[in-house]
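What follows is a single structure, written as structure tokens, with notes after it.
The values are calculated or read from the model by the stated rules, or taken from the named source; none is laboratory data. On a predicted model such as this, the values are computed, not experimentally measured, just so you know. Every residue, glycine among them, receives a Cβ derived from its backbone with ideal geometry; neighbour counts consider all protein chains shown. These area figures cover heavy atoms from the full protein model, side chains too; ligands, DNA and RNA do not enter into them. Shrake-Rupley method; radii C 1.70, N 1.55, O 1.52, S 1.80 Å.
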Amino acid sequence: MGTLVAERWLRHRGRLTHESTTAQKVLAGLAIFGSVLGGAGLILLAGFDTKRYTTLHRLFLGLFMLGVALSAIFTVIEYLSLSKHNRENRTLMWSALSKALVATVLIGLAIAMGIAAGSANLDGLFD
């Protein structure tokens, strides 16, 4: 969350490529919201172990994964929009593509973990 807030502040101050549309600002805000959601899920996840609080642990794990996925998706869309409006800065496109690759792997692992959660043999494999 801290890096997204710092990035937003640096864009506002003109140190990074400035956001040219309201949609880019909204996407940055949604990415920060997703990171807050994921952070809250992680904090709550740490407090509830699987032995005594199985349902709550899985609920907060899902909240954490949802927050991370939303943050990644909104960040990728924001970077794609930034690269579209700043074609001279090719670094933005490469950054968007690398973030999309990481987001795809994260979401794929989250899906695999959700599928494996129903199996006693595979439950902790992706945890």
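Can you say whether Ala117 is without any contact (Cβ under 8 Å) to a residue 24 or more places away in the chain and either of a type in the set (Phe, Trp, Tyr) or open to solvent by less than 60 Å² (accessible area, probe 1.4 Å) (or both), as far as the supplied structure shows? No. Consider the stretch 66-94 and keep the residues that are polar (S, T, N, Q) and over 9 Å from the mean Cα position of the chain (by Cα). The one that is least open to solvent (accessible area, probe 1.4 Å) is Ser83.
Just one of the listed residues (Leu37, Leu30, Leu16) is under 17 Å from Thr75 (Cβ atoms), among the aliphatic types (A, V, I, L, M) and at pLDDT below 90, and it is Leu16. Considering Gly47, Gly62, the condition of being small (Gly, Ala, Ser), under 19 Å from the mean Cα position of the chain (by Cα) and farther than 15 Å from Lys99 by Cβ is satisfied by Gly62 alone.
Only residues that are touching a residue at least 60 places away in the same chain (Cβ under 8 Å) and surrounded by fewer than 17 Cβ atoms within 10 Å (Cβ to Cβ) were counted across the stretch 1-39, and they come to 2. Of all the criteria given as (1) of a type outside the set (Gly, Ala, Ser); (2) open to solvent by less than 50 Å² (accessible area, probe 1.4 Å); (3) assigned to a helix (DSSP H, G or I); (4) at pLDDT below 90, the one not satisfied by Arg58 is (2).
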